[in-house]
Amino acid sequence: MFPSSLPSSIRVLERGWLSANNIVFLDDARTASVVDTGYVRHAAQTVELVRHAAGGRHLARIVNTHLHSDHCGGNAALQAAYGGTERCAIIVPAGEMQAVNNWDEDALSFRSSGQQAASFSAAAELSAGDVLELGGMPWQAHAAAGHDPHALMLFQPDERLLISGDALWELGFGVIFPEMVGEPGFALTRATLRTIEALAPALVIPGHGAPFTDAAAALARAHARLDAFEAAPERHARHGLRVLLKFHLLQQSSGIALGALFTWFAGTDFVARTLCCFWPHVEPRTVFNEMLDSLLQTGLARSSDGLVFDADAP
Ligand SMILES: [Zn+2]
C-alpha cells in the first residue's frame, strides 16, 4: 500500500504487470468501492486483497477506468463474492455498457486481442464530466482516449490526486492500440496528456507501477515517446506486438511451446489486422520471429528446450 501520505480512505494495491493496480476506497463505516480489478487469472487473489483492504466493509461498487482484460478481469469474482448484481454495482465507461451486458467479446476486444475475461454485468455508465463520490471525496471523470477510445481517468481536485489508468505511467503509457490497426490514436493520446498537464496532479496513481509525484517529468517522457511513435508508426506497431506477445507469455506460468506461441500469434485477429496494416507483404512467421527475438535479446523473455517463458517466470 502506498503512500502513507494518501488520504486514509484510499488503499492502493500495487499489482504485477499481468494485473492492473486496484484502488480501494473506504466510503463509510460499512461500504467500500474499488477502481479496477486485475486480470482474470488473479481473480481469487484480487478478492482476498480487496477483502483485506476493505476491512470488513461491504464492496458496494466496482468502477473500471477502461475494459482491458487486466483492468476488469476480477469484476465477476468480486461481484459474486459480494452478493451479485443486486448488492455490488459495476460502473463502466460510457459507451461500453451495451457491449458488456450483451457480453460482446468482439466489441470488448478480449477475443480479438487473444485475451480472456470472465463475463459480468454493468449497472451504470460513467461519462467524462461526471462526478463520483469515492472514499468520502468527489472525483471528476475525465476522458482519456488514445490507449483505449472509452478510457476515463479520475481526478480528486482538493487533494489533486489522479487515477490515470493506462493513460500515464511513471515511465510511459499503454500501447495506443487503435493505431496498430489504422485507426486514430496519437492525437487523442496527446489531448489526454494535455488534460493531465492542465490538472497538474500532486500524485498520480497509475494502472501499473507505484504511485508517483513528479507528474511533470512523467508527462515530458510521455510526450517524447509519443512524438517518436508518431514519427514512426511502424515502430509503435512493433512495440505493440511485443507487448501483446509479452502479455501472452506472462499468462503461461510453465512456458509455451514455440509452435503454440506462433499459432496464437497468427490466429489472433488483432495481430492479423496489424500485420495487414503495416506488413501486408511479409510472412507472419517473419514478423513473429523478429518480435520474439527482440523480447529474447532484451531479456524480457527466455527460451529453453523449445519452450518460451516470460523472463520473470520461475
Ligand atoms: Zn489498458
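The values are calculated or read from the model by the stated rules, or taken from the named source; none is laboratory data. Because the structure is a prediction, the values reported are computed rather than measured. Glycine gets a Cβ as well: all are built from the backbone with ideal geometry, and neighbour counts include every protein chain shown. For the accessible areas, the whole protein counts, side chains as well, though only heavy atoms, and no ligand, DNA or RNA atoms are used. Shrake-Rupley method; radii C 1.70, N 1.55, O 1.52, S 1.80 Å.
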Looking at segment 20-42 only, could you name the residues that are more than 17 Å from GLY165 (Cβ to Cβ), out of contact with any Leu (no Cβ under 8 Å at 6 or more places or on another chain) and not acidic (Asp, Glu)? LEU26, ALA29, ARG30, VAL40
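Restricting attention to segment 42-66, which residues are surrounded by fewer than 23 Cβ atoms within 10 Å (Cβ to Cβ) and within 16 Å of the ligand (Cβ to nearest atom)?
The one that is surrounded by fewer than 23 Cβ atoms within 10 Å (Cβ to Cβ) and within 16 Å of the ligand (Cβ to nearest atom): HIS42.
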Screening PRO184, PRO201 for residues that are over 20 Å from GLU230 (Cα atoms) and either assigned to a loop (DSSP other than H, G, I, E, B) or modelled with pLDDT under 95 (or both) leaves only PRO201
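Would you call ALA311 within 25 Å of SER19 (Cβ to Cβ), within 21 Å of the chain's Cα centre (by Cα) and of a type in the set (A, V, I, L, M)? It would help to see each step written out before you state the result.
Details: within 25 Å of SER19 (Cβ to Cβ): yes; within 21 Å of the chain's Cα centre (by Cα): yes; of a type in the set (A, V, I, L, M): yes.
It is true that ALA311 is within 25 Å of SER19 (Cβ to Cβ), within 21 Å of the chain's Cα centre (by Cα) and of a type in the set (A, V, I, L, M).
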Within the set of pairs 6+ apart or on separate chains, which have a first residue in segment 135-147 that is within 15 Å of the ligand (Cβ to nearest atom), a second that is open to solvent by less than 30 Å² (accessible area, probe 1.4 Å) and modelled with pLDDT under 95, and C-beta atoms under 7 Å apart? none
Got a sec? Which helices (runs of 4 or more DSSP H) wholly within segment 212-314 have at least 2 residues that are of a type in the set (Val, Ile, Thr), over 30 Å from LEU162 (Cβ atoms) and not assigned by TED's automatic domain parsing to the domain that holds GLY16? 269-278, 284-297
Among SER113, SER121, which is assigned by TED's automatic domain parsing to the domain that holds ILE62, in contact with a helix residue (DSSP H, G or I) (Cβ under 6 Å, 6 or more places away or on another chain) and within 16 Å of the ligand (Cβ to nearest atom)? SER113
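Given the residues GLY172, GLY207, GLY185, GLY165, which is the only one that is within 13 Å of the ligand (Cβ to nearest atom) and in contact with a Lys or Arg (Cβ under 7 Å, 6 or more places away or on another chain)? Working first, answer last.
Working: GLY207 fails: in contact with a Lys or Arg (Cβ under 7 Å, 6 or more places away or on another chain); GLY185 fails: in contact with a Lys or Arg (Cβ under 7 Å, 6 or more places away or on another chain); GLY165 fails: in contact with a Lys or Arg (Cβ under 7 Å, 6 or more places away or on another chain).
The conditions single out GLY172.
Looking at LEU78, LEU134, which one is among the hydrophobic types (A, V, I, L, M, F, W, C), buried (at least 22 other Cβ atoms within 10 Å of the Cβ) and under 21 Å from ARG41 (Cα atoms)? Lay out the reasoning, then the answer.
Working: LEU134 fails: under 21 Å from ARG41 (Cα atoms).
Result of the check over LEU78, LEU134: LEU78.
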